[in-house]
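S.K.: Here it is, the structure in full.
The values are calculated or read from the model by the stated rules, or taken from the named source; none is laboratory data. This is a predicted model, so every value here is computed, not measured. Heads up, the Cβs are rebuilt from the backbone with ideal geometry, glycines too, and the neighbour counts pull from every protein chain shown.
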Amino acid sequence: MKKLTLLILCIALGLTIAAIAGAEGPVPDELRGEWIVQEMTDEDGNDAMRDIRSFEGSVRMSFTADQRITLVNALGIENEKTEAVTASPDGYLTTESGLMIAWSMNTERSAVAITDSTGVRILAFRPWTEWGFTEIPVYPEIPVYRNAALEGDWTLIDLMLGKEEQYAIAEILFDGRPYAAQAGIHGSSFRYDNRLTGEQIESDSCEITPTEILVKDENGRTTARFQYELDGDSLRLTKDEDTVIYARENSESARIAYEKLNEIALTGYYEYGFANGELRIDQYHGKAEAVAIPDELDGYPVRYISTDALSGCPQITELKLPGSLANIGGQQLPNLRRITVGEGNESLKTADGILFTADGKRLILYPAADERRNYRIPEGVREIAAYAFKNAGHLTEIVFPDYIESIGESAFADCTGLTEITLPAELQRLGTNAFARCTSLWKAVIMYTDVNTLSDKAFDGCNALTEIHTAANTPAESIYRNAGRNVITDMPAYVWKKDDDGTLRVTGSGILPVFNFSSEPWAGRREAGKPVVLYGRTDETGDWELILSDNRGVLSGKQDLRDYANREDMPWSAYRERISAVRMCGTNGNTAWAVDTDGLLTLSGEGRMALFTEDDGPDNVRYVHPWDKWTVTKAVIGDGLTSVSSGILQGSSVREVTITSGVTTIGREAFYYCRNLQRVELPEGLTTIERYAFAVCESLEQINIPGSVTEIEEYAFYMCSNLKAITLPEGLRELGNSAFSGCYSLKEVLIPDSVTTIGYGVFQSCPLLENVRLPRGMNEIPAGMFSGCHSLREIIIPETATLIGDSAFSGCASLQTIYIPAGVAWIGDNVFSQCTSLSGIRCEAGSYAENWIRMNGMTPLNANGEPIVIETETAASPAEPTGTETETAGPAAEPIVEIRIGGKLPKDHYLNQVNEDVQVGFSILLRADGYALLSESMPEGGWDFRGNWKPVNGGIAVSFESGNGIGDRISIDSAGNATVSFYGNTIPVSMPKNAMDFFAQTGFLQTGNEDQTQQATTGSSDPGTTEPTITVTPVTPVDTGTTQQPVAQTPAELTRPVPGSDTQVYSVVRTANASASITSGKDPTSYLPDKMIDGIDETSWQFSTKDPNSQLNSACAYFEFNGPTIIDEFWIKNGFWKITNNKDQYTQNCRVKELEISFRYEGSNEYTDARRITLKDDQSAKKRKDWAKISIGRHENVTGIRLRIISVYKGAKYKNDVCISEVLFVQNK
């Protein structure tokens, strides 16, 4: 309690409150010295000393000579407290915390009674005073708080907000008004006037505390409250949480603030936004007469100034525009005298003090305060911008050039000195209020124009205008008659003007008279050699023009004018005998076209040529050409265009085509089926010839392909049957599928070394092709590349080649010499079928090619064309094994075993084409080097498939993946159990002991086996299938006496790292097979694997099926791994995305919407754990090239995966093709 009492006293004397300046003056002598506090009441009159009276003298108070008041607790309950105190002129004491203290003494000056401004009362005695025997002074009244430093008038100088708000203060002061806001404190009265908000307060009564100003009404109620902080001549006022700064009027602080505010008013500020990422000034606020727009605002280049952005600053006399500015809208600046543009500006310029676009075609702003009396607008100007001459009151005459096309809104408004104007012929637009309030204008002449875009309000407020002269029967006549003007039709019904290129143009209505071009008014302005053009419009034919040159006239129009050329009632009838050709023209987007009766078609424009197509419903887009009714025999394409669009002359009669420089791409089917096309001129700079571009151009004999071409897409010159020669340039990189197939007359092809990608069948069915040079570095002879090239006699395959595709040289009946290098590791089916002149094939001894040649019944030859002879050694006779080593004699270098398997194929099986179960037979030939050959027989015929076998867990696994790649797999385990997997159906059988013995004897397997049962088990996929049979026959090759050692087998690679990841690997796919055709009659595995994408080629897969609605259930893909693996995630790239010829085909084909994934585990032949996955159809270019990653949970010991398509997203063009680009099967480490 003692502590609490002392605290109350400290608060009463303000010892813990922040200091506020008080009035100066010494403490009276009678107060100095020490006092003992005997009585204290708080502001509510409660006794605050009742609990400490027993501690006599415990609280002491002293006033020192250095004007401080000190409190001390003699008992040590509280530390000493001290505070400055001064006396005011009216006798009050004021502490540094701002409290006012009234005091009174007894006559003996031994006791003092104190009352402070909060109502606290204290009674204290001198230490020597005898208590109870002294006079007690009376407590004084509570003093009213006053702060003399607040007295006076204060002016607002800072809103403590942004530059816009600070400008509001500056603008008021700059305009000469004394203040933006003012507060006045005089005694107990208070006045507040805020011109920014309109708030006003005036009161004769206010209460001031050390921190607040409380404004009272006549009933003493507080009506407004201001918090304040005083710092010399600066006053910080806060009202409703808004804090602002005032300065004492006429003080130094006010003077400095006014100077800064004046600078803010002159500098101003900008409101701005962004358009297409570029800064645009929307409004300028400022008081300066000379304004320089900055090059940058907040680090962004100033590119645009909006219309009227400066119009709120009519005081501007000089305007400097920055070098960064691209465009400025119309501005209303009545006092503007001078305009300049910063250095480096490429969009704007000034000429004669007037602002134009850099090309001089648009007049933007004339300085309205310029004192010129007349002005001739330059000849090159085509447009006068809005507000361009507004308020140009000194102008009395304005001369327009002949070629003004547009006069904007209010362009000449308030030009009060103008008296007459003549608007040029062919004015296309006259804006609203164009000449509004031109109060001296009495005559306007509007030369002949046939447009109706003339505003009827163009002359509003022109009260002196009494005459508008124009031609009869023109839009101008009716527009201004209807507007109540006096229209006089005394102008000629035609006008003339000279184009920039010197061409003379005459425009009129009705039937034009026969002009004497040598004596008409324009004769002196006509340039030698330039034509005269008559042009106009009729309701019947639309726009037309007659180009007269050297007594020969070409009639041209947007409609077909052939039936109108000789009519006598047409405007050109006086000249119809001169018309020697009729021409039709038009535009489609950015592309202009014209065709004449001579059969010449010209196409020009800027950028990519527009497509000339039309939708015939959601499933069909066809080419439509407005010139189709004309016979086009010659075409000139280019003149600003960068491409030739698809199908532009498809099926036309064109004989000659010239494509000019600048064109880089010829679109697909551009000249498809142009059977009369004989001559084509292609420009340097052309890079791409798209698919079918010149297909079936049967009359084309020669074409020179420029050196800039890098890509010739599929079927580009397909069936150009008379094409005799073709020069492929160095720099060419890609030749698409069948690019030159069916070129029956082609005799020689030299493929440059720059070509890295060649599609299948590229020279298929070129029967006269005799001489071919293949590029060095070529690594693949694609399928069918030279199929049907009957005249081809010799071919040298580059040493870099590793693969020869199916039917690559089939039907090359004259082929006599071919060399296959040692690096070739794969040769497809039917490669040399019907090569009747081929007696042997040159290769390297011991190479894959040699083995392949022998296996296919042909003779391998060395470099000299001599048969390769297998060198032999004498071998020991078969003997019983001794010790741990076994040496087998008899079989030659390649021990072979043949396995025959038979069974029934159910009638509802996918491959069964008859309505009953059929017998199926297999013969599998296994060779010691890992080679496998499958012969398959069916009622409709059979096929031979090549593959590979390898030991697996004491047994063997055989897979077939070449040729048609039906996906057959044969597994034989260590117990002799055999399983045939046939299109997803499995037939388990038993393996005879004699086969196991043969394997052991010949070294096929590393260990022998016990006798095994030959009992067959029931097929799990088809309970109705009859029991299959197996026979094993050792095939004894020619005994060369060589001892054959067991073949060492390299462990298969199961996984590889996912590129760019340290935590994931993907399972290596050994084979991938699809069970639905990509195209009719074509085996889908010819697309497996696809081109390398993302550096991963093992699992790239493109899969399609015809008629997905009926065949989805059979649209499956099977993936075999090198061994049991772990799968955690399934990654997929949906849709067709090819990085070579076809580019972006994503939306053209169907995309998979829903698919099923199921797993085959080690020791099982069934696909189980099926689950469905729904894929999003994200068509953004980036997203569809990213992997879609689906977590499927961990699956261990997986040996195979089946994918089945459930539903699709429909393609835009190819409705039946379902495509998946790539798949990965990923394991998390």
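S.K.: Do you know which residues across the range 326-340 are farther than 18 Å from residue 288 by Cα and in contact with a strand residue (DSSP E or B) (Cβ under 6 Å, 6 or more places away or on another chain)?
M.R.: 326, 327, 328
S.K.: Quick check: is even one residue across the range 807-826 of a type in the set (A, V, I, L, M), surrounded by 15 or more Cβ atoms within 10 Å (Cβ to Cβ), under 24 Å from residue 722 (Cβ atoms) and in contact (Cβ under 8 Å) with a residue 24 or more places away in the chain?
M.R.: Yes, the conditions are met somewhere in the range 807-826.
S.K.: Checking the conditions here, which among 745, 721, 765, 741 is closer than 21 Å to residue 789 by Cα, of a type in the set (Gly, Ala, Ser) and surrounded by 24 or more Cβ atoms within 10 Å (Cβ to Cβ)? Don't jump to the end; show me each part of the working.
M.R.: Values: 745 fails: surrounded by 24 or more Cβ atoms within 10 Å (Cβ to Cβ); 721 fails: surrounded by 24 or more Cβ atoms within 10 Å (Cβ to Cβ); 765 fails: surrounded by 24 or more Cβ atoms within 10 Å (Cβ to Cβ).
It is 741.
S.K.: Right, here's the next one. Restricting attention to the range 579-594, report how many residues are closer than 17 Å to residue 660 by Cα and in contact (Cβ under 8 Å) with a residue 24 or more places away in the chain.
M.R.: 3
S.K.: On to the next question. So residue 693 clears everything in (1) assigned to a loop (DSSP other than H, G, I, E, B); (2) in contact with a Leu (Cβ under 8 Å, 6 or more places away or on another chain) except one condition, right? Which one?
M.R.: Residue 693 satisfies every listed condition except (2).
S.K.: Could you grab me the full set of residues in the range 231-268 that are crowded, with 17+ Cβ neighbours inside 10 Å and closer than 29 Å to residue 299 by Cβ?
M.R.: 261, 264, 265, 268, listed by residue number.
S.K.: Would you say residue 795 is over 21 Å from residue 833 (Cβ atoms) and not in a loop (DSSP other than H, G, I, E, B)?
M.R.: No.
S.K.: Look at residue 434 and say whether it is in a loop (DSSP other than H, G, I, E, B), surrounded by 21 or more Cβ atoms within 10 Å (Cβ to Cβ) and at pLDDT below 95. Before you say what the answer is, go through the steps one by one.
M.R.: Values: in a loop (DSSP other than H, G, I, E, B): yes; surrounded by 21 or more Cβ atoms within 10 Å (Cβ to Cβ): yes; at pLDDT below 95: no.
It is false that residue 434 is in a loop (DSSP other than H, G, I, E, B), surrounded by 21 or more Cβ atoms within 10 Å (Cβ to Cβ) and at pLDDT below 95.
S.K.: Right, here's the next one. Only residues in the range 598-617 that are among the basic types (Lys, Arg) count as the first member; pair them with residues that are crowded, with 17+ Cβ neighbours inside 10 Å and at pLDDT below 90, Cβ under 7 angstrom, at least 6 apart or cross-chain, and list the lot.
M.R.: Correct list of pairs: empty, since none qualify.
S.K.: Condition check: assigned to a loop (DSSP other than H, G, I, E, B) and under 19 Å from residue 663 (Cβ atoms). Does residue 763 satisfy that?
M.R.: Answer is no for this residue.
S.K.: One residue is enough: does the range 554-561 have a residue meeting the conditions within 43 Å of the chain's Cα centre (by Cα), closer than 19 Å to residue 660 by Cα and outside any loop (DSSP other than H, G, I, E, B)? Outline the logic, then answer.
M.R.: Start the filter on the range 554-561 by keeping residues that are within 43 Å of the chain's Cα centre (by Cα), which leaves 556-560.
If we keep only those that are closer than 19 Å to residue 660 by Cα as well, we get none.
Scanning the range 554-561, I find no residue that is within 43 Å of the chain's Cα centre (by Cα), closer than 19 Å to residue 660 by Cα and outside any loop (DSSP other than H, G, I, E, B), so the answer is no.
S.K.: Just to be sure before I move on: is residue 709 hydrophobic (A, V, I, L, M, F, W, C), under 19 Å from residue 762 (Cβ atoms), outside the structural domain of residue 772 (by TED's automatic domain parsing) and part of a loop (DSSP other than H, G, I, E, B) in the structure I sent?
M.R.: On the way: hydrophobic (A, V, I, L, M, F, W, C): yes; under 19 Å from residue 762 (Cβ atoms): yes; outside the structural domain of residue 772 (by TED's automatic domain parsing): yes; part of a loop (DSSP other than H, G, I, E, B): yes.
Criteria met by residue 709.
S.K.: With the requirement that a residue be surrounded by fewer than 23 Cβ atoms within 10 Å (Cβ to Cβ) and small (Gly, Ala, Ser), what does the range 768-787 give you?
M.R.: 777
S.K.: Quickly run through the range 213-227 and pick out the residues that are touching a residue at least 24 places away in the same chain (Cβ under 8 Å) and of a type in the set (Val, Ile, Thr).
M.R.: Across the range 213-227, the qualifying residues are 213, 215.
S.K.: Could you pull out every one of the strands (runs of 3 or more DSSP E) wholly within the range 1126-1229 that has 2 or more residues that are at pLDDT below 75 and under 30 Å from residue 762 (Cα atoms)?
M.R.: Qualifying strands (runs of 3 or more DSSP E): 1149-1161, 1214-1228.
Listed here are the residues, each with its yes/no results for (1) in contact with a helix residue (DSSP H, G or I) (Cβ under 8 Å, 6 or more places away or on another chain); (2) at pLDDT 85 or above; (3) not basic (Lys, Arg); (4) not in a loop (DSSP other than H, G, I, E, B).
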{"position": "115", "(1), (2), (3), (4)": "no, yes, yes, yes"}
{"position": "124", "(1), (2), (3), (4)": "no, yes, yes, yes"}
{"position": "129", "(1), (2), (3), (4)": "no, no, yes, no"}
{"position": "139", "(1), (2), (3), (4)": "no, yes, yes, no"}
{"position": "172", "(1), (2), (3), (4)": "no, no, yes, yes"}
{"position": "176", "(1), (2), (3), (4)": "no, no, yes, no"}
{"position": "184", "(1), (2), (3), (4)": "no, yes, yes, yes"}
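S.K.: For the range 514-536, which positions are surrounded by 12 or more Cβ atoms within 10 Å (Cβ to Cβ), at pLDDT 70 or above and part of a loop (DSSP other than H, G, I, E, B)?
M.R.: 515, 530, 531
S.K.: Taking the criterion of being touching a Pro at 6+ places or on another chain (Cβ under 9 Å), of a type in the set (Asp, Glu) and surrounded by 13 or more Cβ atoms within 10 Å (Cβ to Cβ), would at least one residue in the range 140-157 satisfy it?
M.R.: So far as the range 140-157 goes, no, none of its residues is touching a Pro at 6+ places or on another chain (Cβ under 9 Å), of a type in the set (Asp, Glu) and surrounded by 13 or more Cβ atoms within 10 Å (Cβ to Cβ).
S.K.: Enumerate the pairs (first residue in the range 64-89 and modelled with pLDDT of 65 or more; second residue anywhere and outside any loop (DSSP other than H, G, I, E, B) and charged (D, E, K, R)) with beta-carbon separation below 6 Å, excluding pairs fewer than 6 apart on the same chain, so at least 6 apart or on different chains.
M.R.: What qualifies is 69/83; 71/81; 72/60; 82/68; 84/68.
S.K.: Still on this model: Name the pairs whose Cβ atoms lie under 8 Å apart, with the first residue in the range 399-410 and within 16 Å of residue 387 (Cβ to Cβ) and outside the structural domain of residue 503 (by TED's automatic domain parsing), the second of a type in the set (Val, Ile, Thr) and buried (at least 19 other Cβ atoms within 10 Å of the Cβ), and 6 or more positions between them or separate chains?
M.R.: Hits for this filter: 406/384; 407/384; 408/384.
S.K.: Would you pick out the residues in the range 664-684 that are surrounded by fewer than 16 Cβ atoms within 10 Å (Cβ to Cβ) and in contact with a Pro (Cβ under 9 Å, 6 or more places away or on another chain)?
M.R.: Once the filter is applied, which keeps residues that are surrounded by fewer than 16 Cβ atoms within 10 Å (Cβ to Cβ) and in contact with a Pro (Cβ under 9 Å, 6 or more places away or on another chain), the range 664-684 yields only 684.
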